[in-house]
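The values are calculated or read from the model by the stated rules, or taken from the named source; none is laboratory data. Not measured: the values here are computed from a predicted model. Cβ placement follows ideal geometry from the backbone for every residue including glycine, while neighbour counts extend to all protein chains displayed.
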Amino acid sequence: MRTLLCAGLAFVSVVTHPGAQGGARSGEWRWHSGDLGSTKYAALDQINKDNVSTLRIAWRRPAVDPGLAAARPIEFSHDFRATPLMIDGVLYGSNGIGLVEAFHPGTGRTVWIQQPAAGGPDDGLRGNSTRALAYWTSESERRLFVIRGEYLTALDPRTGSAVATWGAGGRVHLKPGLGPRASSYQSSSGPQVCGDVVMVGAQMTDAPQTRTQPPGDVQAFDARTGKPRWTFHVVPQAGEFGSETWERDSWAYSGQANLWSLISADEELGLAYFPLTSATNDMYGGHRPGNNLFANTLVAVKCATGERVWHFQIVHHDLWDYDLPAAPILVDITVDGRRIKAVVQVTKQAFAFVFDRTNGAPVWPIEERPVPGSDTPGERVSLTQPFPTKPPPFDRQGVTVDDLIDFTPELRAEALQLVKQYKIGPMFTPPSIRRDGPGATKGTVQLPGSVGGADWQGAAFDPDSGRLYVSSITGPFVADLIKGDPARTDLDYLPGRRA
C-alpha cells in the first residue's frame, strides 16, 4: 500500500469553502468519517510535526470488555474494524462481537456495555464488529443506532439500554426488507442518519453459486419510531426506471448490487449518496446482459422519501468486482470562478469522479472510451467505460510487459516467461477462462485488482488547502473463470482461484 497525494493535479483552479461540510468540530467525532459529508477532517492542531514524535500510548482496551468476557470465553472475528464516535466527552464503538461499548476517552475506562439480546448465538456473545454507529438527536431525544446480526437497534447513549418505544422493543428486523429471496441479513459498515431518517445498506456475496439472488436494497426507518419509511430498489423491478438495462428480464432473478460501504448525506439539500456495488455474479455476466443499473452506480436520493434525484453508473456491466467501495466525499469548491457543491467518489480503478452533488453533472468531462472485449462464451461486455478527464488516476492502471521487473537480465527473462501464462492488457481487460495445456493461460492479470485503488477506507479532504488525500492499494489480481458444473450451479462460469 502506498499513500498518494492528489493535490494540484487533482484540484486545478479550485478554491474551497469551509462551510462545505465542516469536518469534525471542537474535538467531537459524531459521524464515522468526521461529518455527514465523509471528509474525515478535523481542524485540531495540538498534534503537529514538531511534537508528533513525543506521542505515547495512554491506554489500551481489548476488543471485548473483560467484564463481558469474564462469564465465558468469547470467540470473535479478527476483522476488528470499528471507528468510535466521540459525543459529549464519551467514546462509543462497536466491540469485537458487534455490541456497543461506551468508554472514557482520557482513561479508556468503561462507562457501559450494551447487553446482548437473549436467544442469540452463544447467548448473544457471538458476532462481528461493524465499522460505524450512527447518532441522532432532536430536542430532548438522543439515540445511537447500531446494526448487529439481522437487527437495527436504537440505544440510549446515557445507559446503553435499548429504546423500548422504538421499533419492536428497541429494534427492527432487517432481513424481511430484502425480499423473499433473502435467507439472511448482515452488514459490515453500519447505518447513517439524515434528518429524521436512519438508512441501512447490506453486505452479501457477489460471487454466489446460482444466478437467482436477493437484491441488496437500501432500507430507511423513522428515527423517532422505527417505522419503515422507504426502500430503494438497487435492481429495478418491472417497469421501474433502469429495468431496461437488465436485458432479457434479468432483473427478475439477479441480485446483490448492494450498499456494503458507507453512506454520505447533505442535510441542507436533503440528499443521501449511495455508493453501490457489483451484481451477481461479479466476474461473469452472461446471464445479465446490459449495463445493469444501479450496480456500480453513485445514486443520490431524497432522504425523506428515497426518491432518486440523479445517478451516474461508474462501471457498466461489471466483470471486475469494481464495487464503489467508499463513502462519497462532499465538498464545496470553486472551479474557474464557478462555485459548486460537489461530491467526489473514489474508486478501485484509482479514479476520483467529481460531480455537482445537486444534479449529478460532471464537474470535468467524463468520456466513454472503448475497452477490450471478452472471449468467454456467452459474455457480452459493455463496449465503453467512463473515464474522468480530471483529476488524473492516482495509481497504476493496466498491465504491459514494460511493467515487469528488469533488475537483472535473468530476472527480466524469467518475468517475461511467467507472464506468458496470463492475459494482460489495459484496464477493463475482462476475466478469462483458466485452462491447461500448451499455450493456455491461467486468467487475466487485473490492475488495479478487486481490492486495489481506493478501497473502503476511501479518502479524506482538507477544506483549507483543497487537497484530497487517497490511500491507494497497488495490488494486481488474477481474474480467472472456471466452467460451472451444471450439477451444482446454473451459472455457465464461476470465479476461479482469484489469486
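Are there any pairs with C-beta distances below 8 angstrom linking a residue in region 289-308 that is on the phi > 0 side of the Ramachandran plot to a residue that is among the charged types (D, E, K, R) and modelled with pLDDT under 95, with the two at least 6 apart or on different chains, and if so which?
none
Any idea which of (1) in contact with a Lys or Arg (Cβ under 6 Å, 6 or more places away or on another chain); (2) in contact (Cβ under 8 Å) with a residue 60 or more places away in the chain; (3) not in a loop (DSSP other than H, G, I, E, B) is the one residue 153 doesn't satisfy?
Failing condition for residue 153: (2).
Scan region 1-51 residue by residue and report those that are in a loop (DSSP other than H, G, I, E, B), modelled with pLDDT under 60 and more than 21 Å from the chain's Cα centre (by Cα).
Residues satisfying the conditions are 7, 8, 9, 10, 11, 12, 13, 17, 18, 19, 20.
Somewhere in region 285-298, is a residue within 29 Å of residue 229 (Cβ to Cβ) and among the charged types (D, E, K, R)?
No, region 285-298 has no match at all.
Please specify each residue of region 251-284 satisfying the condition of being surrounded by fewer than 21 Cβ atoms within 10 Å (Cβ to Cβ) and of a type in the set (Gly, Ala, Ser).
The answer is 252, 270.
Being in contact with an Asp or Glu (Cβ under 7 Å, 6 or more places away or on another chain) and outside any loop (DSSP other than H, G, I, E, B) is the filter; apply it to region 340-369 and report the residue that is nearest to residue 285 (Cα to Cα).
First pass over region 340-369, keeping only residues in contact with an Asp or Glu (Cβ under 7 Å, 6 or more places away or on another chain): 340-342, 348, 350, 357, 363.
Right, trim to outside any loop (DSSP other than H, G, I, E, B) and you get 340-342.
Details: 340: 37, 341: 36, 342: 33 Å.
Checking each candidate, the answer is 342.
Would you pick out the residues in region 84-96 that are over 14 Å from residue 61 (Cβ atoms) and part of a loop (DSSP other than H, G, I, E, B)? Spell out the reasoning first.
Start the filter on region 84-96 by keeping residues that are over 14 Å from residue 61 (Cβ atoms), which leaves 85-89.
Result: 88, 89.
Can you list residue pairs whose Cβ atoms sit under 8 Å apart, with the first residue in region 330-352 being over 21 Å from residue 35 (Cα atoms) and among the aliphatic types (A, V, I, L, M) and the second being modelled with pLDDT under 95 and assigned to a strand (DSSP E or B)? Count only pairs 6 or more apart in sequence or on different chains.
Close Cβ pairs satisfying both conditions: 335/14.
Any residue that is closer than 22 Å to residue 385 by Cα and surrounded by fewer than 19 Cβ atoms within 10 Å (Cβ to Cβ) - is there at least one of those in region 409-417?
Within region 409-417, none of the residues are closer than 22 Å to residue 385 by Cα and surrounded by fewer than 19 Cβ atoms within 10 Å (Cβ to Cβ).
Without any contact (Cβ under 8 Å) to a residue 60 or more places away in the chain, of a type in the set (D, E, K, R) and crowded, with 18+ Cβ neighbours inside 10 Å: which single residue out of 131, 148, 143 fits that description?
Sole residue among the options that is without any contact (Cβ under 8 Å) to a residue 60 or more places away in the chain, of a type in the set (D, E, K, R) and crowded, with 18+ Cβ neighbours inside 10 Å: 148.
Six or more apart or on different chains, Cβ atoms under 6 Å: show the pairs whose first residue is in region 185-209 and within 13 Å of residue 154 (Cα to Cα) and whose second is at pLDDT below 95 and hydroxyl-bearing (Ser, Thr, Tyr).
So the pair list comes out as 190/130.
Yes or no, residue by residue, for (1) under 30 Å from residue 495 (Cα atoms); (2) surrounded by 15 or more Cβ atoms within 10 Å (Cβ to Cβ); (3) more than 20 Å from the chain's Cα centre (by Cα):
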| site | (1), (2), (3) |
| --- | --- |
| 164 | no, no, yes |
| 167 | no, yes, yes |
| 180 | yes, no, yes |
| 186 | yes, yes, no |
| 191 | no, yes, no |
| 211 | yes, yes, yes |
| 215 | yes, yes, no |
| 223 | no, yes, yes |
| 227 | no, no, yes |
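Of 187, 183, which residue is part of a loop (DSSP other than H, G, I, E, B), of a type in the set (Ser, Thr, Tyr) and over 30 Å from residue 485 (Cα atoms)?
Every option except 187 fails the conditions.
Hey, can you tell me all the residues within region 419-478 that are among the β-branched types (Val, Ile, Thr) and touching a Pro at 6+ places or on another chain (Cβ under 8 Å)?
429, 444, 445, 473, 474
Please give the number of the condition residue 435 fails out of (1) in a loop (DSSP other than H, G, I, E, B); (2) touching a strand residue (DSSP E or B) at 6+ places or on another chain (Cβ under 6 Å).
Going through the list (1) in a loop (DSSP other than H, G, I, E, B); (2) touching a strand residue (DSSP E or B) at 6+ places or on another chain (Cβ under 6 Å), residue 435 breaks only (2).
Scan region 351-365 residue by residue and report those that are surrounded by 18 or more Cβ atoms within 10 Å (Cβ to Cβ) and over 22 Å from the mean Cα position of the chain (by Cα).
Once the filter is applied, which keeps residues that are surrounded by 18 or more Cβ atoms within 10 Å (Cβ to Cβ) and over 22 Å from the mean Cα position of the chain (by Cα), region 351-365 yields only 363.
Quick test for you: out of 398, 425, 373, pick the one residue that is within 23 Å of residue 354 (Cβ to Cβ), small (Gly, Ala, Ser), at pLDDT 95 or above and assigned to a loop (DSSP other than H, G, I, E, B). Steps first, please.
Working: 425 fails: within 23 Å of residue 354 (Cβ to Cβ); 373 fails: within 23 Å of residue 354 (Cβ to Cβ).
On inspection, the qualifying residue turns out to be 398.
Restrict the check to region 314-321 and report whether at least one residue is of a type in the set (Asp, Glu) and crowded, with 24+ Cβ neighbours inside 10 Å.
Yes: one or more hits.
Working carefully through the options 256, 213, 219, 192, find the one that is polar (S, T, N, Q), in contact with a helix residue (DSSP H, G or I) (Cβ under 6 Å, 6 or more places away or on another chain) and at pLDDT 95 or above. Show your work before the answer.
Values: 256 fails: in contact with a helix residue (DSSP H, G or I) (Cβ under 6 Å, 6 or more places away or on another chain); 213 fails: in contact with a helix residue (DSSP H, G or I) (Cβ under 6 Å, 6 or more places away or on another chain); 192 fails: in contact with a helix residue (DSSP H, G or I) (Cβ under 6 Å, 6 or more places away or on another chain).
Result of the check over 256, 213, 219, 192: 219.
Of the residues 396, 434, only one is under 29 Å from residue 363 (Cβ atoms) and surrounded by 14 or more Cβ atoms within 10 Å (Cβ to Cβ); which?
The match here is 396.
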